[in-house]
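A short write-up of the structure that comes next.
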Amino acid sequence: MIPNDSSGPIEMAPSTELPVRRAAALLPAIVASAAGLGGAAEAQTTHALPLTPENIHWGYYDASLEPAVRIRSGDSVTFENLLARGLDRLRLAGFGESRFTDAMRAVEEAEDVRLGAHPLNGPILVEGAEPGDVLEVRIVDIGFLAPYGVSGHLPGGGTLPDDFPHGALRRFEIDTITSTATMQGVEDVVIPVRPFFGSIGVAPPLLSGRIDSRAPGFHVGNLDNRELVEGTTVYLPVHADGALLSIGDGHAAQGDGEVSGTAIETSLYGTIEVVLHKDRTLAWPRAETPTHYVSMGLDPDLDEAARMATREMVRFLVDERGMSASDAYILCSVALDLRVTQLVDGTKGVHGMLAKALFTSR
């Protein structure tokens with residue numbers, strides 16, 4: 001995770017654009033060649049999706065959307081994203097207008113189709129992608145567009161709706177040098193930040209129409225998996241021609257469960273590298289961190305989500321490690337950690353973490 005660099009904290013100034021670390025990365029550029037799926041070296045391109053209304057669709061996944069950009073397998077995309085629910089929630093939390101950039105305001109004011117809460121960059125069309133393929137999304141870089149965020153709960157929202165009938169919002173200030181955040185009104189708590197994008201998914205099948213971004217599903221979407229930080233990889237099943245990948249919902253920090261219904265919601269930028277696999281299939285998403293293999297279960301019933309995460313790890317061990325199903329099941333019992341991803345998006349999540357260090361041969 002690299003939430004800061006030696007250039008120091010981001011300075012905020014009224015009536016000026018917010019400086020973005022490594023802003024030059026948002027300019028399209030030809031980068032080093034690398035091996036493609038066929039093993040031959042191909043020129044790779046870095047594409048830019050800066051924070052503009054043309055690059056954002058708000059709150060849904062849809063196979064009929066026109067792509068914001070077309071890429072080839074192996075290309076990278078650098079993008080800027082606005083926090084979930086936009087600037088109104090920041091205003092309600094007490095942030096002044098001087099904290100917002102012209103780009104943030106432009107996206108907020110231009111978007112009039114909002115099925116769900118999340119401004120999403122894209123969609124990104126991957127040339128040659130077809131239903132049944134697998135998209136590998138490498139999360140190369142994540143950083144803060146703004147050194148602040150907001151969290152809270154809706155009236156009757158979250159995991160304890162009866163306990164909290166009234167809503168609340170709190171401001172968070174983020175120190176990009178120490179990678180920590182402080183909470184409004186709470187003086188003796190310092191929270192480590194590990195920025196990640198809560199929503200990453202592909203378009204559902206065309207016949208499924210437009211899907212609200214709130215609940216994750218077979219198209220993946222709003223996973224809210226805090227393990228998917230910089231340096232991790234997500235594998236997504238493709239359901240529509242071109243895949244139509246979208247990403248957003250920046251989180252600065254979140255606990256497993258996301259019990260109130262929100263993380264520290266913030267505006268992030270990121271860089272992803274996308275690789276298309278024509279020779280692989282997946283029914284549900286998988287992920288990989290530098291230290292762990294990650295399986296995922298998604299279902300309105302938490303027990304079923306746990307069964308799904310376990311079943312998907314068994315399948316991974318059989319398909320990728322050559323184990324028998326019984327051996328894989330037993331290994332999961334003695335070494336797989338099941339964690340509650342989130343409890344608050346309608347469809348609940350459980351993810352399984354299996355350490356790579358268990359395997360003497362990689």
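The values are calculated or read from the model by the stated rules, or taken from the named source; none is laboratory data. Remember, it's a predicted structure, so these values are computed and weren't measured experimentally. No Cβ is skipped: glycine too gets one built from the backbone with ideal geometry, and neighbour counts run over all protein chains shown.
Within the range 298-318, identify whether any single residue is in contact with a strand residue (DSSP E or B) (Cβ under 8 Å, 6 or more places away or on another chain), under 24 Å from Asp141 (Cβ atoms) and touching a residue at least 60 places away in the same chain (Cβ under 8 Å), and answer yes or no. Checking the range 298-318: not a single residue is in contact with a strand residue (DSSP E or B) (Cβ under 8 Å, 6 or more places away or on another chain), under 24 Å from Asp141 (Cβ atoms) and touching a residue at least 60 places away in the same chain (Cβ under 8 Å).
Evaluation of Pro204 against the conditions (1) in contact with a His (Cβ under 8 Å, 6 or more places away or on another chain); (2) farther than 23 Å from Val274 by Cβ shows that the sole unmet condition is (2). Going through (1) modelled with pLDDT under 95; (2) of a type outside the set (Asp, Glu); (3) part of a helix (DSSP H, G or I) one by one, Ala306 falls short only on (1). Count of the range 206-251 residues, restricted to those that are within 23 Å of Leu51 (Cα to Cα) and touching a helix residue (DSSP H, G or I) at 6+ places or on another chain (Cβ under 8 Å), is 0.
Here is a yes/no grid of residues against (1) touching a Pro at 6+ places or on another chain (Cβ under 8 Å); (2) at pLDDT below 95; (3) not aliphatic (A, V, I, L, M):
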site	(1), (2), (3)
Leu298	yes, no, no
Glu312	no, no, yes
Leu336	no, no, no
Gly346	yes, yes, yes
Gly352	no, no, yes
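The set of residues from the range 294-310 being more than 20 Å from the chain's Cα centre (by Cα) and surrounded by 17 or more Cβ atoms within 10 Å (Cβ to Cβ) comprises Ala306, Met308, Thr310. Of all residues in the range 129-153, those that are aliphatic (A, V, I, L, M) and touching a His at 6+ places or on another chain (Cβ under 6 Å) total 1.
No other residue among Met353, Met313, Met323 is more than 30 Å from Leu154 (Cα to Cα) and in contact with a Cys (Cβ under 7 Å, 6 or more places away or on another chain) apart from Met313.
Restricting Arg114, Arg85, Arg89 to those that are surrounded by fewer than 23 Cβ atoms within 10 Å (Cβ to Cβ), on the phi > 0 side of the Ramachandran plot and modelled with pLDDT under 95 reduces the list to Arg85.
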